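Worksheet for the structure shown next.
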Amino acid sequence: MELRGRKIGEEIGELRGIERGKEIGKEIGALENARDFVKKVLENRLGDIPGDIGQCLNDASVISVLEEMLKAALIVNSFEECRKSFSIIINK
């Protein structure tokens, strides 16, 4: 009986781990998509992205921060404005 209960417990734990892994994968995918979208907007509007701004985007790990960065990317007129906007967003 005890062995059977242990086996069931292990199977449940494994299933929970698989589900959690799927959730984490979705979160990572959403972050990567958001970063890519901000980069595409900046590239289309302003040209090649300077390294420091690219690094700033790569370091962003919260979707809401990347959403704010996207809003900024849509309205800034230079990479200098972008740096200032991103700095404000990050330091909120």
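Taken together, the values in this text are just the output of simple stated rules run on the coordinates, not laboratory data. In this text, all values refer to a predicted model and were calculated from it rather than measured experimentally. When we count neighbours, we look across all protein chains shown, and the Cβ atoms used for this are built from the backbone with ideal geometry, even at glycine.
Close Cβ contacts (under 9 Å, 6 or more residues apart or on different chains) running from residues in the stretch 28-49 that are under 20 Å from residue 83 (Cβ atoms) to residues that are of a type outside the set (Gly, Ala, Ser) and not in a helix (DSSP H, G or I) comprise 39/49; 42/49; 42/76; 43/49; 45/76; 45/77; 46/76; 46/77.
If you filter the stretch 48-92 down to residues that are among the small types (Gly, Ala, Ser) and part of a helix (DSSP H, G or I), you find that the one that is nearest to residue 24 (Cα to Cα) is 64. What tally of residues in the stretch 16-32 results from selecting those that are closer than 24 Å to residue 59 by Cβ and either outside any helix (DSSP H, G or I) or of a type in the set (D, E, K, R) (or both)? The qualifying residues number 4.
Of the candidates 79, 86, the single residue that is in contact with a Gly (Cβ under 9 Å, 6 or more places away or on another chain), surrounded by 11 or more Cβ atoms within 10 Å (Cβ to Cβ) and free of Cβ contacts under 8 Å to residues at least 40 places away in the same chain is 79. Just to be sure before I move on: is residue 72 in contact with a Leu (Cβ under 6 Å, 6 or more places away or on another chain) and surrounded by 14 or more Cβ atoms within 10 Å (Cβ to Cβ) in the structure I sent? For residue 72, the condition - in contact with a Leu (Cβ under 6 Å, 6 or more places away or on another chain) and surrounded by 14 or more Cβ atoms within 10 Å (Cβ to Cβ) - is not met. Looking only at residues that are among the charged types (D, E, K, R) and touching a helix residue (DSSP H, G or I) at 6+ places or on another chain (Cβ under 8 Å) in the stretch 38-69, which one is surrounded by the most Cβ atoms within 10 Å (Cβ to Cβ)? Once the filter is applied, the top-ranked residue is 68.
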